[in-house]
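K.L.:
Structure in structure tokens, see below.
No value in this document is a laboratory result; all are computed from the given coordinates. Everything numeric here is computed off the predicted structure, so don't read it as measured data. Methodologically, a virtual Cβ is constructed for each residue, glycine included, from the backbone with ideal geometry; neighbour enumeration extends over all protein chains shown.
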Amino acid sequence: MSVAVIKYDLGMGRWEPNARGRLERAAMELYLERGFEQTTVAEIASRAGLTERTFFRHFADKREVLFYGQSALQEIILTALAAAPDSLAPIDAVAKALEATGAVFEERREFARQRQAIIAANAELRERELIKLASLAAAMGDALRKRGVAEPAASLAAEAGIAVFRIAFERWVSTPSARDFPRFIRESLRDLRAVTAGLVTTPAS
């Protein structure tokens, strides 16, 4: 997948505001140019025109440039899940909550595409992404139980929701179209229903 690089203005002075944004842009440039493993914090700070101390005020390590927004994303999902109508089936409530992330992703579409390419190229980052998704599934399961959903339905709906989310996100970042992210969530949920209903057939050999 071809990914456009967001170029950073090296003419900015050290006093320039939005240090987090500058460090993020510099890191993404370097990860795409050199690879994640080959990039150091010192190089990121230098590219951004800032110090390593400033970097560590905003990020625990260079991986967190790619993952620091996950807590906020989880909060959006859990808030939307808690607010979903009681009449919705568990998996529909989960899908509705996942659709609530659409605005965030649309605002940062290019970052999401770059991030996906960087993570896909690095085994350590892929493992970390899976851990984050497992944590989100556990949190959604807890939220469903608070809604009165019994086991194993709560866990099954949460895990199925993560599968829907992953497939939808991969389709969204790889499709050069104006379709919004929630539409991909709905399409992936539809495909899941087709699979579980036995409506998907394999081609004859």
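K.L.:
With +1 on each Lys and Arg Cβ and -1 on each Asp and Glu Cβ, and nothing else charged, work out how big the dipole of the chain is about its Cα centre, in Debye to the nearest 20.
P.N.:
It comes to approximately 200 debye.
K.L.:
How far is helix 153-174 tilted, in degrees, relative to the longest principal axis of the Cα atoms in the chain, given as a value from 0 to 90 rounded to the nearest 10?
P.N.:
Around 50 degrees separate the two axes.
K.L.:
Charges only on Cβ, +1 for Lys and Arg, -1 for Asp and Glu: so what's the dipole of the stretch 39-132 about the Cα centre, in debye to the nearest 20?
P.N.:
For this selection, approximately 360 debye.
K.L.:
Charges on Cβ only, +1 for Lys and Arg, -1 for Asp and Glu, centred on the Cα centroid of the stretch 19-65; of 54, 26, 38, which one is farthest towards the dipole's positive end?
P.N.:
54
K.L.:
So what's the angle, to the nearest 10 degrees on a 0 to 90 scale, between helix 123-146 and the longest Cα principal axis of the chain?
P.N.:
Helix 123-146 and the main axis of the chain meet at about 40 degrees.
K.L.:
When 1/r is averaged over all different Cα pairs and the result inverted, which Kirkwood radius in Å belongs to the chain?
P.N.:
18.7 Å
K.L.:
Net charge within 14 Å of residue 171 by Cβ-Cβ distance, Lys/Arg positive one each and Asp/Glu negative one each, not counting residue 171 itself?
P.N.:
+3
K.L.:
Compute the long axis of helix 109-120 from its Cα atoms, compare it with the longest principal axis of the Cα atoms of the chain, and write down the angle in degrees, 0 to 90, nearest 10.
P.N.:
90 degrees
K.L.:
If you don't mind, another one. Using θ = phi - 60° and the Karplus form 6.51 cos²θ - 1.76 cosθ + 1.60, what ³J(HN,Hα) does each residue of the stretch 73-81 get, whole Hz, x for Gly and Pro?
P.N.:
5, 4, 4, 4, 5, 5, 5, 5, 5
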